[in-house]
């Protein structure tokens, strides 16, 4: 096997491993990629926040997050539907940066079916508050609201345009990009 074919094979194995880790992160609450950072653009800069990776659709290269539809990230993605999702795993020594196209779904069967599962969990309260995220309040309260209403629950789809994988190792770092142009090695 030529060195070029061997390098291409390594890239294919890395990309497959990345997707395997992403799928695992959506299922395993302890996986370090379960809570990545989603960065979106503002007219005067950028904004970033930790989100929970709820699902990964490997065939469509899509990550799924839930959101309160009144949150700042929703306005940001409506104005500029692009973003970057950043993940780090110390155990793997891997950083993953995903350039994404963002879209929001607030109605329909896909939202209703996800809400049907979500409303059974303590996280449902996040989408039922009468106040939008970031509202100033006098003091935190533990309130309960009806779980029959969907409240302000929405689904964010992050379609991946490119994956930038970086492996940090004591014996040398490796970096690769996977996108519409194919797979290629990059200088770390």
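The values are calculated or read from the model by the stated rules, or taken from the named source; none is laboratory data. Treat the numbers as computed from the prediction; the structure is a model and nothing was measured. Cβ sites come from the backbone with ideal geometry, for glycine too, and all protein chains shown count toward neighbours.
Going residue by residue through the stretch 105-112, is there one that turns out to be assigned to a loop (DSSP other than H, G, I, E, B) and either in contact (Cβ under 8 Å) with a residue 24 or more places away in the chain or within 15 Å of the chain's Cα centre (by Cα) (or both)?
Our first condition is that a residue be assigned to a loop (DSSP other than H, G, I, E, B); within the stretch 105-112, this holds for 106-108.
Of the ones still in play, those that are also either in contact (Cβ under 8 Å) with a residue 24 or more places away in the chain or within 15 Å of the chain's Cα centre (by Cα) (or both) are 106.
Yes, the stretch 105-112 has at least one match.
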Does any residue of the stretch 165-175 turn out to be closer than 18 Å to residue 64 by Cβ and crowded, with 17+ Cβ neighbours inside 10 Å?
no
Residue 186 - would you say it is loosely packed, with under 12 Cβ neighbours inside 10 Å, closer than 30 Å to residue 17 by Cα and in contact with a strand residue (DSSP E or B) (Cβ under 6 Å, 6 or more places away or on another chain)?
yes
Any hit, the stretch 163-183, residues being in contact (Cβ under 8 Å) with a residue 12 or more places away in the chain and closer than 19 Å to residue 51 by Cβ:
yes
Filtering the stretch 36-45 down to residues that are surrounded by fewer than 17 Cβ atoms within 10 Å (Cβ to Cβ) and in contact with a helix residue (DSSP H, G or I) (Cβ under 9 Å, 6 or more places away or on another chain) yields 41, 42, 43
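Among the residues of the stretch 89-105, write down those that are surrounded by 12 or more Cβ atoms within 10 Å (Cβ to Cβ) and farther than 17 Å from residue 159 by Cα.
Once the filter is applied, which keeps residues that are surrounded by 12 or more Cβ atoms within 10 Å (Cβ to Cβ) and farther than 17 Å from residue 159 by Cα, the stretch 89-105 yields 89, 92, 93, 94, 95.
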Name, by its number, the condition in (1) in contact with a helix residue (DSSP H, G or I) (Cβ under 9 Å, 6 or more places away or on another chain); (2) surrounded by 15 or more Cβ atoms within 10 Å (Cβ to Cβ); (3) in a strand (DSSP E or B) that does not hold for residue 85.
(1)
Is it the case that residue 53 is touching a residue at least 24 places away in the same chain (Cβ under 8 Å), in contact with a helix residue (DSSP H, G or I) (Cβ under 7 Å, 6 or more places away or on another chain) and either part of a loop (DSSP other than H, G, I, E, B) or farther than 27 Å from residue 188 by Cα (or both)?
yes
Meets criteria (out of contact with any strand residue (DSSP E or B) (no Cβ under 9 Å at 6 or more places or on another chain), surrounded by 18 or more Cβ atoms within 10 Å (Cβ to Cβ) and modelled with pLDDT under 95) for residue 150
yes
So which residues in the stretch 65-80 are surrounded by fewer than 18 Cβ atoms within 10 Å (Cβ to Cβ), touching a residue at least 40 places away in the same chain (Cβ under 8 Å) and outside any loop (DSSP other than H, G, I, E, B)?
72
Give me the pairs, please: first residue somewhere in the stretch 117-144 and closer than 15 Å to residue 69 by Cβ, second residue anywhere and in a loop (DSSP other than H, G, I, E, B) and at pLDDT 85 or above, beta-carbon distance under 6 Å, and either six or more positions apart or on two chains.
127/152; 132/70; 133/71
Please indicate, with yes or no, whether at least one residue in the stretch 47-56 is more than 30 Å from residue 16 (Cβ to Cβ) and more than 14 Å from the chain's Cα centre (by Cα).
yes
